[in-house]
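Reading through the structure tokens given below for one structure.
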Amino acid sequence: MPMTRYAGALLFAVLVTTTAASRAQTADATPFCGDEGVWIQILGAGGPELDDTQGGPGYLVFADNAARVLVDTAPGASVAFDKAGGRLADLEAVVFTQLTAHHSGDFPAFVEGALSAGRDRDLPVFGPDGAEPFPGTRALVDRLIGARGAYAYLAGFLSTDAPAGFRIAARDVPTLGRGVWTGFHGATTRLAAVPVHHGPIPALAWRVHIGDKTIVFTGDFSNRSDQMAEFAAGADALVIHHAVPEGTRGEPTDLHVTPSQIGRIAARADVRMVILGHRTNRTRGFESISRGAIAEHYEGAVIFANDLECWGL
């Protein structure tokens, strides 16, 4: 069978066999979060390590029992999304903090799963622009699911007559300078992004406004530009990555903030709560030391995230 006919047959078979299961999902399929208000679901609380029993970094924002914003599609995120009761039909946007494998590796799985999502409008996907050897968001999506991509049988999702009834609309967000990007206003959600320094890797922090709540997802960053406190000012929750322990010196500090830096940022931003994600083997087991370093500067609630936990605002 020619490849184009095979791809079409495969897509049709997947769509037919899974649509019934999709329709069976009910509106109360969020077992870890509440039915009302804004909630932060931890899809994965780990990093790139394969021996920490945690998924890669990823988050889901629920509002009134509907998954609205997906932050990073790390390996394992699609499974956690399913366990959390997320529905692709409800998403207003997918955003990436960076495009390394441990932040974006599950994206093709989400695309293929979207065949049975029952979605009827385009899905915006926002992420960093590129700097060699790192592709930008549009380039990465094309390399993964474009006509000449690794999963070319999914290329229909980039056309106006996509097989699932909606198109994936990818867009690059600038990662140079200090300007704040404010290019998305959805039905219930507004997004803002700012470039952050993460060594040579193009990276963004995201601010999600939903209802009367605000959540900031920092991603990985070193705070060399010293603008996170301003960007996160007044947020209800600061979801910040805790990849290195207090006392770290040298190259790792060009990539990540230390606990004392986290405390200073949270205090200056006057956020209601701090959620520590992207926990690594370097920081696990040293929670009391990290908490102490943060508490020297910040007096609010500090949560060490674990897979599938859900926190209400």
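Data overview
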| read-out | value |
| --- | --- |
| Residue match in the range 128-136 (condition: of a type outside the set (Phe, Trp, Tyr), closer than 22 Å to Ala67 by Cβ and open to solvent by less than 60 Å² (accessible area, probe 1.4 Å)) | no |
| Meets criteria (surrounded by fewer than 19 Cβ atoms within 10 Å (Cβ to Cβ) and aromatic (Phe, Trp, Tyr)) for Phe81 | no |
| Unmet criterion (only one of (1) open to solvent by less than 10 Å² (accessible area, probe 1.4 Å); (2) more than 26 Å from Thr280 (Cα to Cα)) for Val194 | (2) |
| Residue in the range 137-161 that is farthest from Gln98 (Cα to Cα), counting only those that are touching a strand residue (DSSP E or B) at 6+ places or on another chain (Cβ under 6 Å) and buried (at least 21 other Cβ atoms within 10 Å of the Cβ) | Phe157 |
| Cβ-Cβ under 6 Å pairs, at least 6 apart or on other chains, the range 271-296 side touching a residue at least 12 places away in the same chain (Cβ under 8 Å), far side among the hydroxyl-bearing types (Ser, Thr, Tyr) and open to solvent by 10 Å² or more (accessible area, probe 1.4 Å) | Ala293/Ser260 |
| Odd one out for Trp39, checked against (1) at pLDDT below 95; (2) at negative phi; (3) open to solvent by 50 Å² or more (accessible area, probe 1.4 Å) | (1) |
| Any pair with Cβ under 6 angstrom, 6 or more apart, that starts in the range 209-226 at a residue that is within 18 Å of His103 (Cβ to Cβ) and ends at one that is outside any strand (DSSP E or B) and among the small types (Gly, Ala, Ser) | Val216/Ala232; Val216/Ala235 |
| Residue satisfying condition, being buried (at least 23 other Cβ atoms within 10 Å of the Cβ), within 22 Å of Phe166 (Cα to Cα) and modelled with pLDDT under 95, within set Leu60, Leu115, Leu70 | Leu115 |
| Subset tally (residues that are within 30 Å of Met228 (Cβ to Cβ) and part of a loop (DSSP other than H, G, I, E, B)) for the range 164-184 | 7 |
| Members of the range 128-154 found to be among the aromatic types (Phe, Trp, Tyr) and farther than 17 Å from Leu176 by Cα, listed by number | Tyr151, Tyr153 |
| All positions within the range 162-177 that are closer than 16 Å to Val125 by Cα and either open to solvent by 20 Å² or more (accessible area, probe 1.4 Å) or β-branched (Val, Ile, Thr) (or both) | Arg167, Ile168, Ala169, Ala170, Arg171, Asp172, Val173, Pro174, Thr175 |
| Test result for Thr189, hydroxyl-bearing (Ser, Thr, Tyr), open to solvent by less than 20 Å² (accessible area, probe 1.4 Å) and touching a strand residue (DSSP E or B) at 6+ places or on another chain (Cβ under 8 Å) | yes |
| From the options Leu88, Leu99, residue that is under 22 Å from Phe134 (Cα atoms) and open to solvent by 20 Å² or more (accessible area, probe 1.4 Å) | Leu99 |
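The values are calculated or read from the model by the stated rules, or taken from the named source; none is laboratory data. What you are looking at is a predicted structure, and each value in this text was computed from that prediction instead of being measured. Quick reminder, even Gly has a Cβ in these numbers, built from the backbone with ideal geometry, and neighbours come from all protein chains shown. Surface areas here come from the heavy atoms of the whole protein model, side chains and all, with no ligands, DNA or RNA. Shrake-Rupley method; radii C 1.70, N 1.55, O 1.52, S 1.80 Å.
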